[in-house]
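Following: one structure in C-alpha cells, then a few remarks.
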Amino acid sequence: QVQLVESGGGLVQAGGSLRLSCVASGSIFNIHAMGWYRQAPGKQRELVATITTGGSTNYADSMKGRFTVSRVNAKTVYLQMNSLKPEDTGVYYCNLFDSGRSQLYWGQGTQVTVSS
C-alpha cells in the first residue's frame, strides 16, 4: 500500500512563505512524477506544480515565479511557496504517479491559510 504524507501547512500572513513536504512510502514500482495540487473552498482541485524523476517541472501560470517544486530524493518532494496571497488559501495535496502500475496516489492534504 502506498502512502503519501504532506506536512508544512499552516497560517501565514500575505507576503510570507511556507515550505510543504511530501513523503511517499510503501510498495512503489516506478515513480514517474510527483506533484502538488490545491483545492480552495468551493472550488475544484487545481494543479500547482509537478516534477518528474528526471527533474522536469511544470507549474500553473499563477504560481510561476512564486512557487518552486523540488525533489529531495526518490520519494520526497518539497513545495517552496513565497510571496503568498490570500487566494493561495486551500488544502494542498501531494500526488504520485506510479508508471509501473499506471496508478495515481493522493495524500490526505495539508491546510494552507494566508491572511490579508
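Remark: relative contact order (the chain) = 37 percent; criterion is Cα-Cα distance under 8 angstrom and separation of 6 or more residues. With the simple spin-label model, which puts each label point 7 Å out from Cα in the Cβ direction, the LYS43 to THR113 separation comes to 1.8 nm.
Computed over the Cα atoms of the chain, what is the ratio Rg over Rh, Rh following Kirkwood? Don't skip to the end; give the middle numbers.
Values: Rg = 13.6 Å, Rh = 14.1 Å.
Radius of gyration over Kirkwood radius for the chain works out to 0.96.
Just report the Cα centroid separation between the range 82-116 and the range 26-56, whole Å. Cα centroid of the range 82-116 versus Cα centroid of the range 26-56: 7 Å apart.
Whole-Hz Karplus values for the range 105-111 come out as 10, 10, x, 7, x, 9, 7 Hz, taken residue by residue from phi with 6.51 cos²θ - 1.76 cosθ + 1.60 and θ = phi - 60°; glycine and proline positions read x.
For the range 19-44, the residues whose backbone nitrogen is under 17 Å from a point 7 Å from the Cα of SER102, taken along Cα to Cβ, are 29-33. The listed residues ASP98, ASP61, once ranked by accessible area (1.4 Å probe) with the largest placed first, stand as ASP61, ASP98. Anyone know which of VAL77, VAL23, VAL69 comes out most mobile in the 10 Å Cα GNM of the chain? Highest fluctuation of the listed residues: VAL23.
The values are calculated or read from the model by the stated rules, or taken from the named source; none is laboratory data. Computed from a predicted structure; not experimentally measured. Heads up, the Cβs are rebuilt from the backbone with ideal geometry, glycines too, and the neighbour counts pull from every protein chain shown. To get the accessible areas, we keep the full protein, side chains included, count just its heavy atoms, and leave off ligands, DNA and RNA. Shrake-Rupley method; radii C 1.70, N 1.55, O 1.52, S 1.80 Å.
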